[in-house]
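Each reported figure results from applying straightforward, stated rules to the coordinates on display, with no laboratory input. Predicted, not measured: the structure shown is a model, and the values here were computed from it. No Cβ is skipped: glycine too gets one built from the backbone with ideal geometry, and neighbour counts run over all protein chains shown.
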Amino acid sequence: MVDRAVERLQQGSVALGVWGCGHIGASAMYHFCQQGVRCIGYDIADTRVSEIRDGHFLSTDTAGIERLESPGAPVIATTDWRRMIDQRVLFHIIAVPTERGADPSSAALEDIMPRVCEVIRATDLDGLIPVVSIESTIQPSWLDTIVFPALHAAGLRPGVDVLIGAAPRRDWFSGRDHTLETLPRIVGGSTDEATRFLSEVYSLVCGQIVPARDAYHAAFTKVIENLLRFQGLALANSLALAFPQYDMTHVLGLASTKWNIPRYHPSMGIGGHCIPLAPRYALAEGGPDNGYLAPVREAVAFNDGYFRRLYEDRLRDLLKDCRSIAVLGLAYTADAKMHKLSPAIDAVACLKETPRLQAHDPYYTSDEIEDICGVTRLSFPQGLAECDGIVLVTSHTPYLTEPVEGFIRPGTIIVDNFGAWRDRTFAPGVMYHEVGRPAGDIGEARQYIPDPTAVGIG
């Protein structure tokens with residue numbers, strides 16, 4: 001049956017349906033339709049649906065999937081989930097948001113599951129068993145508390161009328177090195193047949209499939225791998241604050257030359273949809289009385305309000321005399337339009353008393369920056385000439401390629417998150433500070449610093 005189902009997907013007689021067309025869902029549609037799979041995506045946002053209809057799958061083109069000019073198969077985007085019924089959807093991908101602010105939230109999953117069940121019940125697949133694959137980050141226990149109860153309430157028998165699995169996403173949207181095609185894909189089903197089905201379908205777009213023991217273990221892998229990353233990043237930040245007399249960026253760079261030590265760079269904060277939320281998923285899954293998770297709770301407590309602490313302990317004295325400051329980079333990662341929990345938001349909040357505070361991000365309009373940050377958009381790079389303080393948060397390509405040295409005047413204070421400008425030669429009198437180093441230090445130790453694109457902030 002699995003082989004026949006995959007063949008039908010490739011022939012276009014059945015479709016792949018995506019519930020939630022954000023970065024995860026829309027990019028899944030892109031990759032599958034390129035392999036000849038007919039796709040339909042549902043989202044509540046009219047703007048997102050309109051963008052996909054126009055072939056616009058992501059907010060930036062760094063990953064090479066900005067616009068789809070000639071799809072290998074039809075792509076439909078809609079705000080009416082009932083259209084899924086007409087498309088004979090065999091493979092359902094759930095890619096709805098599973099967080100609210102800085103905390104996990106199952107609200108969207110709870111809302112969407114009854115609709116998925118209704119589509120399944122109303123769709124005739126000529127004897128094929130439909131599959132539901134959860135790509136959203138979830139707590140594994142949500143399978144038992146949300147997914148399976150929704151199926152039972154709809155009269156659907158898991159493993160008989162519908163197959164359930166998890167295939168969390170771990171690819172990245174800025175750059176071509178860590179993509180859906182190249183990274184190992186973890187898949188796990190509630191039954192062996194479901195796991196095989198997931199493996200065969202995702203093999204259409206992913207170069208390597210790694211089957212998990214079951215759907216619970218597949219879902220938890222995403223949480224744990226991001227938790228491990230979070231703990232390391234939080235430790236790097238705490239070490240930089242704990243030992244101000246040392247160049248902790250240099251020390252961590254040296255430590256990373258050991259074969260089994262990851263590379264970490266102290267930063268302005270841990271941003272993003274995944275890494276800062278991972279410990280909260282783990283804490284919720286483990287329960288409030290789980291004493292073994294005390295180190296995770298401590299790391300979360302340290303990270304909450306971290307930029308304020310960094311600012312008060314390290315950056316305030318550097319920037320206290322600045323009357324015009326520019327915050328460069330609103331996104332939490334380079335070359336992507338994603339600002340979830342970005343340290344840039346905290347930076348703007350801490351600097352709000354600056355007489356002239358502006359922000360810039362090449363992927364955000366003036367209205368978007370004002371709406372998100374409450375400040376005006378800097379004219380880059382010309383506007384740098386009017387600043388006596390620059391806070392470089394995100395290493396977007398334009399910040400790396402533009403000759404900013406010609407615009408930054410003597411006396412300017414530069415605070416650089418990851419050392420993107422560490423090799424620039426600025427005018428005499430410009431003070432350059434890289435986070436994680438003693439203030440004003442520009443020593444030879446920089447040659448040991450890891451590539452900032454390899455360490456990230458979320």
Note, ³J(HN,Hα) from phi for segment 390-400, Karplus 6.51, -1.76, 1.60, rounded to Hz, x at Gly and Pro: 10, 10, 8, 8, 10, 8, 4, 3, x, 6, 8
Distant-in-sequence amide H partners of Val210 (H built 1.01 Å from N, under 5 Å): Arg185, Ile186, Val187
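Do you know the relative contact order of segment 306-454, to the nearest whole percent, from alpha carbon pairs under 8 angstrom that are 6+ apart?
Working: 250 pairs, mean separation 31.5, N = 149.
Reported relative contact order: 21 percent.
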The chain - charge dipole about Cα centre, Lys and Arg +1 at Cβ, Asp and Glu -1, debye rounded to 20: 380
Translational diffusion of segment 223-303, µm² s⁻¹ [Kirkwood Rh, Cα pairs; Stokes-Einstein; 4 °C; 1.567 mPa s]: 96
Mean Cβ count within 10 Å, highest first, over the residues of peptides 427-433, 256-262: 427-433, 256-262
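Taking neighbour Cβ counts within 10 Å as the exposure measure, how do Asp317, Asp86, Asp247 sort from fewest upward?
Values: Asp317 10, Asp86 13, Asp247 21.
Exposure proxy ranking, most exposed first: Asp317, Asp86, Asp247.
When Trp421, Trp172 are ordered from fewest to most other Cβ atoms inside 10 Å of their Cβ, what list results? Mind dumping the intermediate values first?
Working: Trp421 20, Trp172 17.
Ordered by Cβ neighbours within 10 Å, fewest first: Trp172, Trp421.
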Distant-in-sequence amide H partners of Ala77 (H built 1.01 Å from N, under 5 Å): Gly41
Over the chain, relative contact order from alpha-carbon pairs under 8 Å, at least 6 apart, %: 12
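To the nearest 500 deg cm²/dmol, what mean residue ellipticity at 222 nm is calculated for the chain from DSSP H runs of n ≥ 4 alone, each contributing -39,500 (n - 2.57), summed and divided by the residues?
Per the formula, -9500 deg cm²/dmol.
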Cα-Cα P(r), segment 2-213, percent of pairs per 10 Å interval: 9, 37, 41, 13, 0
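How large is the Rg to Rh ratio of segment 238-375 when both quantities use alpha carbon positions and Rh follows Kirkwood?
On the way: Rg = 17.2 Å, Rh = 17.1 Å.
Here Rg/Rh amounts to 1.01.
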Lys/Arg +1, Asp/Glu -1 at C-beta; the chain dipole; positive extreme among Ala278, Thr354, Leu378: Ala278
Other-chain or far-sequence residues with amide H under 5 Å of Val391's (modelled H): Ala326, Val327, Leu328, Val415
Backbone HN-Hα couplings from phi across segment 354-364 [Karplus 6.51/-1.76/1.60, Hz, Gly and Pro as x]: 4, x, 9, 10, 10, 9, 8, 8, x, 9, 10
Residue-by-residue Karplus 3J(HN,Hα) for segment 236-246, coefficients 6.51, -1.76, 1.60, Hz, glycine and proline x: 4, 5, 5, 5, 5, 6, 6, 10, x, 6, 10
Diffusion constant of segment 326-449 at 37 °C, which comes from Stokes-Einstein with the Kirkwood Cα-pair radius and 0.692 mPa s, µm²/s: 224
Most positive-pole-ward Cα, Trp81, Gln231, Leu109, against dipole of the chain from beta carbon charges: Gln231
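Could you please rank Ser136, Ser141, placing first whichever residue has the fewest other Cβ atoms within 10 Å of its Cβ? Walk me through the numbers before you get to the answer.
Numbers: Ser136 26, Ser141 15.
Lowest to highest Cβ neighbour count: Ser141, Ser136.
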